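Here is the structure we will look at.
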Amino acid sequence: MLGHMQVWQYILLSVTVSFALFFGGGGTIHWWYYKKNKDKASDWKIQPGKFLSDKLNREAFWLAVFNLACSSALYGFLFWGIFEKGWSQLYWNFSEHSIGYTILSFFLAWLVVEGGAYYLHAAMHFKPLYHGFHSMHHRYSAPNYYTIIAMHPLEWPVHSLYVLAPAFLFPLHGGIFFFFLGAVYLLGF
């Protein structure tokens, strides 16, 4: 494992990795499509004539930066609890559960995340929640890479937490869980 680390080290590691992945990988994708190939939008974009204004694009970028910093700091704290305090139900030895259970737990984790995404998004369209929180996300009517997490700062942590929920809800192999996190990250973004 990582050895014994302090909570601040987990937070720093989580924030660093999150920003490197989001802005390194995602920034490259954004540059490739929305800057370099904007004039070829009809080849890759469903609504090729629709782009955010510069003002909304900057707003979405800075909101994404803020939300990413907050959620990755929260993740760092939770990873500290998982690795240093044993807060989760993750296990590391494949012999603890059958291969059938290990495969099933991967699909259960996927079900939890997909269900969380669907039901949370549906709940956010309930009028009080929509007007209080979710409408901020819908300001960005022409989505780009940064608008994925450009939402109310109290909404984004809830979205990001159901991704970690499987580690706390049922036994799940740690390697499978981190593979799962990577897959959710890549497919989600």
* Inter-site label distance for W110 and K35 at 7 Å from Cα along Cβ, in nm -> 3.5 nm
* To do: State the label only: which of (i) 18.1, 58; (ii) 22.0, 71; (iii) 18.3, 55 corresponds to Rg and Dmax of the Cα atoms in Å computed from the shown model?
  => (iii)
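With +1 on the Cβ of every Lys and Arg and -1 on the Cβ of every Asp and Glu, and nothing else charged, how large is the dipole of region 7-188 about its Cα centre, in debye rounded to the nearest 20?
Dipole magnitude for region 7-188 comes out near 640 debye.
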* Asked: Which whole-angstrom value gives the distance between the alpha carbon centres of region 2-62 and region 132-169?
  -> 14 Å
* **Angle between the chain longest axis and helix 7-19 axis [Cα atoms, degrees, rounded to 10]** => 40 degrees
* **In order through region 128-142: 3J(HN,Hα) via Karplus (6.51 cos²θ - 1.76 cosθ + 1.60), integer Hz, x for Gly, Pro** => x, 6, 4, 5, x, 9, 5, 4, 4, 5, 7, 4, 8, 6, 10
* **In Hz, Karplus ³J(HN,Hα) per residue of region 60-74 (6.51, -1.76, 1.60; θ = phi - 60°; x = Gly, Pro)** => 4, 4, 5, 5, 4, 4, 4, 5, 5, 4, 5, 5, 6, 5, 4
* Most mobile of P48, P171, P143 per a Gaussian network model of the chain (Cα springs, under 10 Å)? -> P48
* **Relative intensity, log₁₀ I(q)/I(0), of region 93-189 from a Debye sum that treats every alpha carbon as a point, q = 0.14, 0.17 Å⁻¹** => -0.60, -0.79
* Structure fact -> Amide H proximity to Y91 below 5 Å, modelled H, separation 5+ or other chain, gives L172, H173, G174
* On Cα atoms only, tilt of 156-169 relative to the major axis of the chain in degrees -> 20 degrees
* Asked: At q = 0.24 Å⁻¹, what is the log10 ratio I(q)/I(0) for region 8-62, with the Debye formula run over Cα points and no solvent?
  -> -0.99
* To do: May I ask for the angle, rounded to the nearest 10°, between helix 99-124 and the longest principal axis of the chain, with both axes built from Cα atoms and the value confined to 0 to 90°?
  => 40 degrees
* From the phi of every residue in region 173-189, what ³J(HN,Hα) in whole Hz does the Karplus formula 6.51 cos²θ - 1.76 cosθ + 1.60 yield, where θ is phi - 60° and glycine or proline is x? -> 5, x, x, 5, 4, 6, 4, 4, 4, x, 5, 4, 4, 5, 6, x, 8
* Structure fact -> With the charge dipole of the chain built from beta-carbon charges (+1 for Lys and Arg, -1 for Asp and Glu) about the Cα centre, the Cα from T147, V158, S98 projecting farthest to the positive end belongs to T147
* Asked: Taking a spot 7 Å from the Cα of I46 along the direction of its beta carbon, which residues of region 147-189 have an amide N less than 13 Å from it?
  -> none
* **Charge dipole (debye, nearest 20) of region 40-115; +1 at Cβ of Lys and Arg, -1 at Cβ of Asp and Glu** => 360 debye
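Read-outs throughout are calculated quantities, based only on the coordinates presented, and are distinct from any laboratory measurement. Predicted model only: the values in this text are computed from it and were never measured. For neighbour counting, all protein chains shown are included, and Cβ atoms are generated from backbone atoms with ideal geometry for every residue, glycine included.
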